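The values are calculated or read from the model by the stated rules, or taken from the named source; none is laboratory data. Everything numeric in this text was worked out from a predicted model, so none of it was measured. Cβ: placed from backbone, ideal geometry, glycine included. Neighbour counts: every protein chain shown.
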Amino acid sequence: MGFHILSRFLVGYGGKVPPPFARYYTGGENDIRGFEIWGISPVAFLPTSATVNVLNNDGTQRMQRTIVNGVPTFTPVTLTIPVYQLVFPGGDTNVVTNFEYRIPIVGPVTLAYFFDAGIDKLSLPGELKLNPGRITELNQEFPQANFTGTAVIAPGTQKPRASTGLELQVLMPVVNAPFRLYWAYNPLLFRGYLNPPIVADRSNFPNLATFNNALASFGQPIPFLEKHDMFRFSVGRTF
């Protein structure tokens, strides 16, 4: 039998916050095997701006006539609006546990039953924020949005994850590491829709068609459906 546990916590020092590349991501053959590599992370929405096409009342693209080098040209009319952008910021708190029951088959071949579980979350969401200067710039351009500068965490994306399954291990003598072929089933996972916050105000749009176009482009629920199982091969040990 083999056991492994890993616990980590990340915090800023001296008034600074950890950079995104230092945060924790899990998933894959090195920790929770039934998920995509580094596929487990809190999901958040950060304030930003985007451009949408301005439409006529009948839903067709509104065009603007301009003169380029003396030649009349028609270009699409666009509008800049406040939105929230989907990001995978990684967690500041990470716990992973692994268990294996290994059954020798013949020579270097071993069959292992495994169970992996863990959590990757933001215990300090206040450290996940934009540059204050950028927030001031956005709020000056879009005062109705009232951006706070902190991330909006998508509900349910910080829940524990777990995988269980069977793994065939063949120890390769040259590299002294096993070739692994495994199938994993995920009893704990997230399957749902992520709803971005709506901050665009109807009064800022020339008509209802343009407003609905903005909602369709940046306000629709985003499907986030983790797989129920995973089949993968790898070289190296989980722990």
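Worth pointing out:
- Test result for F45, within 25 Å of R202 (Cβ to Cβ) and either among the acidic types (D, E) or under 25 Å from the mean Cα position of the chain (by Cα) (or both): yes
- Selection count where residues are over 29 Å from N195 (Cα atoms) and either hydrophobic (A, V, I, L, M, F, W, C) or at pLDDT below 90 (or both), scope the stretch 108-154: 5
- Applying the criterion of being among the β-branched types (V, I, T) and surrounded by 14 or more Cβ atoms within 10 Å (Cβ to Cβ) to the residues of the stretch 79-91, the residue that is nearest to E127 (Cα to Cα) is V87.
- Consider the stretch 34-74 and keep the residues that are surrounded by fewer than 14 Cβ atoms within 10 Å (Cβ to Cβ) and among the aliphatic types (A, V, I, L, M). The one that is modelled with the lowest pLDDT is V68.
- For the stretch 6-33, taking the residues that are farther than 16 Å from T93 by Cβ and of a type in the set (D, E, K, R), the one that is surrounded by the most Cβ atoms within 10 Å (Cβ to Cβ) is identified as R33.
- In the stretch 217-239, residue nearest to E100 (Cα to Cα) [restricted to those that are charged (D, E, K, R) and surrounded by fewer than 17 Cβ atoms within 10 Å (Cβ to Cβ)]: R237
- Test: residue in the stretch 92-113 that is touching a strand residue (DSSP E or B) at 6+ places or on another chain (Cβ under 7 Å), crowded, with 17+ Cβ neighbours inside 10 Å, in contact (Cβ under 8 Å) with a residue 60 or more places away in the chain and in a loop (DSSP other than H, G, I, E, B): yes
- Restricting the stretch 53-83 to residues that are β-branched (V, I, T), in contact with a Ser or Thr (Cβ under 8 Å, 6 or more places away or on another chain) and touching a residue at least 12 places away in the same chain (Cβ under 8 Å) leaves a set whose member that is nearest to N195 (Cα to Cα) is V83.
- Residue match in the stretch 77-85 (condition: under 20 Å from V235 (Cα atoms) and either assigned to a loop (DSSP other than H, G, I, E, B) or acidic (D, E) (or both)): no
- Candidate set from the stretch 182-208 (those that are aliphatic (A, V, I, L, M), buried (at least 17 other Cβ atoms within 10 Å of the Cβ) and modelled with pLDDT of 95 or more); member that is farthest from F45 (Cα to Cα): A184
- Residue in the stretch 174-186 that is in contact with a Lys or Arg (Cβ under 7 Å, 6 or more places away or on another chain), hydroxyl-bearing (S, T, Y), under 24 Å from F99 (Cβ atoms) and in contact (Cβ under 8 Å) with a residue 40 or more places away in the chain present: yes
- Only listed residue being surrounded by 15 or more Cβ atoms within 10 Å (Cβ to Cβ) and farther than 30 Å from V17 by Cβ, chosen from A214, A151, A145: A214
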